[in-house]
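> Please see the structure below; I have some questions.
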Amino acid sequence: MSLVIEGASLLGEGTTDLYVDDHGMLVDSAPAGAERIDAAGLVALPGLVDLHTHLREPGREDAETILTGSRAAALGGYTAVLAMANTTPVTDTAEAATRVWELGREAGLVHVQPVGAVTRGLGGEELAELGLMHRSRAGVTVFSDDGRCVHDARVMRRALEYVKAFGGVVSQHSQDPSLAGPAACCHEGELSGRLGLPGWPGIAEEVIVARDVMLARHTGSRVHVAHVSTAGSVDVLRWAKARAERDGTWSVTAEVTPHHLLLTTDLLAGYDPTYKVNPPLRPQEDVDALREALADGTIDAVATDHAPHARHDKEHAFVDAAFGMVGLETALAVVRTALPQLSWPDVARVMSATPARIAGLADQGRPLTPGSPAHVVLVEPDAALTVDRDASASLSRNNPWHGRSLTSRVVHTVYAGRVTVRDGALVDA
Amino acid sequence: MKHLLSVDDLSADAIQQLFETAADMHDVQRREVKKLPALRGRTVVNMFFEDSTRTRSSFEIAGKWLSADVINVSAKGSSTSKGESLRDTVLTVCAMGVDGLVIRHPASGAALQVSEWVDASVVNAGDGTHEHPTQALLDAYTLQRRLGSLEGRHVAIVGDLTHSRVFRSNIQCLTRLGARVTVVAPPTLMPSGVGAWSAAAGFDTSYDLDDVLRRDGGPDAVMMLRVQRERMTGAYFPSPREYTVGYGLTRDRLAVLGPDVPICHPGPMNRGLEIAADAADAAQSVVLEQVSSGLAVRMAVLYHLLAGESEGGMA
Ligand SMILES: [Zn+2]
């Protein structure tokens with residue numbers, strides 16, 4: 001069905017009508033008999049792209065499915081998400097990747113792009129079938145053992161070398177396991193000392209980021225740093241990006257999560273597992289450095305690390321509870337709240353265009369001009385909203401934003417010309 | 001006061017009030033018939049997710065001497081391994097009608113979390129490396145009986161601070177009662193961020209035990225902490241021998257201490273490692289007194305939390 005979006009403010013400037021034909025493409029002039037959306041007062045951005053989503057299917061369909069995660073994504077203004085590989089079974093074969101891709105197509109609300117595991121079973125030892133996953137219909141280009149770090153330098157080196165054959169990228173969960181083991185759950189500092197929680201020091205991230213950028217340089221490959229959380233990592237990235245640009249033969253990109261831009265480690269004082277996330281929430285100095293790095297381009301993208309968990313997986317003692325928090329539905333509002341000075345073109349850059357480029361999704365993150373697929377999100381810029389974790393399309397409720405007020409609201413989402421969210425509600429048949 | 005989760009929940013006055021009750025309970029221990037009727041009809045569950053014969057029996061006897069019905073639940077490995085959440089495990093037990101829940105758990109913060117889920121009064125009997133408030137109370141009670149008052153007294157706490165809930169509770173308890181505290185450990189066994197923490201909480205830190213024992217006439221009391229066997233292979237220190245030379249209460253160091261300086265240890269002791277046999281058995285050692293004080297203090301805690309008509313029952 002064709003569509004006319006009337007009076008939207010394109011990237012926060014001017015007002016324009018957007019026309020969508022019945023192939024879901026943006027076109028020059030109003031198609032006849034089109035459905036209309038009144039977008040007066042709303043900002044139009046290209047549909048958001050999430051580099052880092054956990055959809056839990058297959059294996060933990062009680063926490064999230066590809067369908068429910070797609071619904072949450074659409075409500076958050078997303079038109080594409082990258083589904084992390086740490087499912088059960090792991091996405092480490094062409095068949096597994098294709099299955100995720102197909103389920104995403106069936107859900108039909110956003111493009112679901114599988115991320116392939118770097119190593120078989122996330123075991124950290126043998127390479128998964130990276131090339132076969134790339135050649136499959138899913139066309140996997142991003143590989144990650146996320147949830148675990150590819151900590152063996154030799155394996156990381158080989159993975160970086162191998163994906164060069166087809167322009168792939170390795171997205172690393174940077175956590176040196178000898179400095180921050182599996183129980184590490186609280187930023188190491190005065191608070192972890194007082195609370196008696198196993199410390200997760202920033203250095204455990206920084207040494208892996210430093211090592212990996214050197215490996216990327218050595219191999220002439222592409223590394224992507226998932227969920228950067230410390231000022232020290234930002235320093236390393238700043239150096240590495242300058243070097244990579246000069247050399248022109250390798251690249252390093254990085255993402256930050258909305259929660260690392262707004263929440264700080266002191267929230268752990270009450271041992272509430274809602275705030276247990278990996279990497280952990282950091283002190284204000286780190287948060288400030290991350291905001292600055294996102295604004296100046298040292299950090300390329302915002303990625304949610306949406307990590308839904310069933311209630312009973314969080315109702316344990318803090319160290320035993322599952323890591324992660326949901327984030328798809330609130331990401332844009334959190335970014336706007338954390339960085340009110342960020343311009344709309346910058347929001348579009350860090351939440352849509354750049355993540356699409358990193359993931360190799362040519363159809364996504366494009367400027368809203370005729371000839372592009374109509375992936376559009378319409379935002380009420382200054383709306384105040386109070387988050388209610390129960391008003392969510394996700395199956396899980398591990399929502400750190402519950403009861404907080406944020407600014408900006410996703411009003412409509414259009415995916416390939418189809419309205420998936422209208423007036424803040426899902427349009428799902 | 002509904003729960004005892006942390007020493008931080010108690011004012012200095014509340015601590016002294018508990019000590020007064022504990023002194024009465026101490027007298028009861030000397031009677032032929034040790035029962036008091038205070039908690040008749042009350043049910044106390046000792047829920048231990050981690051073995052501790054010593055602490056569990058102390059709470060068990062304390063409850064029984066106060067005439068409570070005491071039930072021990074060994075919940076070791078029962079929750080995560082069976083896929084049941086801690087919340088479900090605890091709610092199931094409390095659904096049977098429990099007034100007091102004494103909980104020991106290997107995870108820091110567990111007692112606080114549990115207190116948010118149940119109606120019963122919760123006593124933290126040790127949560128991970130976080131706190132062990134009744135241990136701190138019994139230590140302070142023991143020292144106060146020996147020293148008269150803790151106001152202005154200097155206490156040295158020596159050993160594996162990072163992994164010690166006894167240290168974390170004692171720091172709060174001793175400083176609240178006016179003591180000056182110096183904590184001594186190798187840098188690898190100092191808790192992270194101890195610099196900022198010690199500045200805020202008002203205690204001193206040192207890497208040099210001999211200096212602490214000699215400076216300004218030495219401490220008025222010494223509290224030795226247990227070194228866990230597994231720390232010895234975790235690159236925390238090079239060898240047991242080196243640890244003893246640097247941080248053990250050896251015979252030589254015992255000679256430096258005055259004969260009236262009480263020596264505490266929460267037990268069980270590694271004789272010859274953190275404490276020499278001579279020091280453990282010295283007349284000034286209060287290790288056995290700590291055990292009987294522990295019983296009195298736990299009776300006082302249960303009494304204050306569970307006795308009386310008024311809600312919470314802080315007499
Ligand atoms: Zn991760």
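The values are calculated or read from the model by the stated rules, or taken from the named source; none is laboratory data. Source: prediction; values computed, not measured. Using ideal geometry, Cβ is built from the backbone for each residue, glycine included, and neighbour counts are taken over all protein chains shown. With ligands, DNA and RNA removed, areas are computed over all heavy atoms of the protein, side chains included. Shrake-Rupley method; radii C 1.70, N 1.55, O 1.52, S 1.80 Å.
> For segment A:251-262, indicate whether the set of residues that are open to solvent by 10 Å² or more (accessible area, probe 1.4 Å), more than 30 Å from A:Gly76 (Cβ to Cβ) and away from every other protein chain (no Cβ under 14 Å) is non-empty.
Checked against the condition, which is being open to solvent by 10 Å² or more (accessible area, probe 1.4 Å), more than 30 Å from A:Gly76 (Cβ to Cβ) and away from every other protein chain (no Cβ under 14 Å), segment A:251-262 yields no hits at all.
> Take A:Ala353 and tell me if it is among the aliphatic types (A, V, I, L, M), open to solvent by 10 Å² or more (accessible area, probe 1.4 Å) and either away from every other protein chain (no Cβ under 14 Å) or touching a Pro at 6+ places or on another chain (Cβ under 6 Å) (or both).
Criteria met by A:Ala353.
> Looking at (1) away from the ligand (no atom under 16 Å from the Cβ); (2) among the small types (Gly, Ala, Ser); (3) part of a loop (DSSP other than H, G, I, E, B); (4) away from every other protein chain (no Cβ under 14 Å), can you tell me which one A:Ser174 breaks?
For A:Ser174, the failing item is (1).
> I'm checking my understanding of the structure. Among residues of segment A:231-253 that are in contact (Cβ under 8 Å) with a residue 60 or more places away in the chain and within 24 Å of A:Gln284 (Cβ to Cβ), which one is farthest from the ligand (Cβ to nearest atom)?
Here the residue is A:Arg238.
> Can I ask one more? Do we find that B:Gly109 is open to solvent by less than 30 Å² (accessible area, probe 1.4 Å), touching a strand residue (DSSP E or B) at 6+ places or on another chain (Cβ under 8 Å) and at positive phi in this structure?
yes
> Take A:Thr298 and tell me if it is away from chain B (no Cβ under 14 Å) and either more than 13 Å from A:His259 (Cβ to Cβ) or open to solvent by 10 Å² or more (accessible area, probe 1.4 Å) (or both).
On the way: away from chain B (no Cβ under 14 Å): yes; either more than 13 Å from A:His259 (Cβ to Cβ) or open to solvent by 10 Å² or more (accessible area, probe 1.4 Å) (or both): yes.
So A:Thr298 fits the description; yes.
> Among the residues of segment A:197-225, what is the count of those that are within 14 Å of another protein chain (Cβ to nearest Cβ) and either closer than 11 Å to A:Val236 by Cα or in a helix (DSSP H, G or I) (or both)?
Summing the residues that are within 14 Å of another protein chain (Cβ to nearest Cβ) and either closer than 11 Å to A:Val236 by Cα or in a helix (DSSP H, G or I) (or both) in segment A:197-225 gives 3.
> Okay, moving on. Would you please name the residue that is farthest from A:Leu122 (Cα to Cα), looking only at residues in segment A:183-220 that are in contact with a Lys or Arg (Cβ under 9 Å, 6 or more places away or on another chain) and within 16 Å of the ligand (Cβ to nearest atom)?
A:His187
> In the list B:Leu101, B:Leu66, B:Leu91, which residue meets the criterion of being within 28 Å of A:Arg194 (Cβ to Cβ) and more than 16 Å from the chain's Cα centre (by Cα)? Working first, answer last.
Values: B:Leu66 fails: within 28 Å of A:Arg194 (Cβ to Cβ); B:Leu91 fails: within 28 Å of A:Arg194 (Cβ to Cβ).
Matching residue, one of B:Leu101, B:Leu66, B:Leu91: B:Leu101.
> Considering A:Arg120, A:Arg154, A:Arg105, which residue is among the basic types (Lys, Arg), closer than 30 Å to A:Ala44 by Cα and either more than 16 Å from the ligand (Cβ to nearest atom) or in contact with a strand residue (DSSP E or B) (Cβ under 9 Å, 6 or more places away or on another chain) (or both)? Quick ask: steps written out before the conclusion?
On the way: A:Arg120 fails: closer than 30 Å to A:Ala44 by Cα; A:Arg154 fails: closer than 30 Å to A:Ala44 by Cα.
Being among the basic types (Lys, Arg), closer than 30 Å to A:Ala44 by Cα and either more than 16 Å from the ligand (Cβ to nearest atom) or in contact with a strand residue (DSSP E or B) (Cβ under 9 Å, 6 or more places away or on another chain) (or both) holds for just one of A:Arg120, A:Arg154, A:Arg105, which is A:Arg105.
> Given the structure, is A:Leu18 open to solvent by less than 50 Å² (accessible area, probe 1.4 Å), under 16 Å from A:Arg422 (Cβ atoms) and either within 16 Å of the ligand (Cβ to nearest atom) or touching an Asp or Glu at 6+ places or on another chain (Cβ under 7 Å) (or both)? I'd like the intermediate steps shown before the answer.
Values: open to solvent by less than 50 Å² (accessible area, probe 1.4 Å): yes; under 16 Å from A:Arg422 (Cβ atoms): yes; either within 16 Å of the ligand (Cβ to nearest atom) or touching an Asp or Glu at 6+ places or on another chain (Cβ under 7 Å) (or both): no.
The answer is no for A:Leu18.
> Right, next: So which helices (runs of 4 or more DSSP H) are wholly in segment B:64-155 and hold at least 3 residues that are out of contact with any Ser or Thr (no Cβ under 6 Å at 6 or more places or on another chain) and modelled with pLDDT under 95? Break it down into steps so the answer makes sense when it comes.
Numbers: elements: B:86-94, B:110-115, B:133-147.
Per the criteria, B:86-94.
> Further question: Can you pull out every residue in segment B:214-223 that is at negative phi and surrounded by fewer than 20 Cβ atoms within 10 Å (Cβ to Cβ)?
Filtering segment B:214-223 for residues at negative phi gives B:214-215, B:219-223.
Answer for segment B:214-223, where residues must be at negative phi and surrounded by fewer than 20 Cβ atoms within 10 Å (Cβ to Cβ): B:Arg214, B:Arg215.
> Does A:Ala362 count as assigned to a loop (DSSP other than H, G, I, E, B) and open to solvent by 50 Å² or more (accessible area, probe 1.4 Å)? Break it down stepwise before answering.
Details: assigned to a loop (DSSP other than H, G, I, E, B): yes; open to solvent by 50 Å² or more (accessible area, probe 1.4 Å): yes.
It is true that A:Ala362 is assigned to a loop (DSSP other than H, G, I, E, B) and open to solvent by 50 Å² or more (accessible area, probe 1.4 Å).
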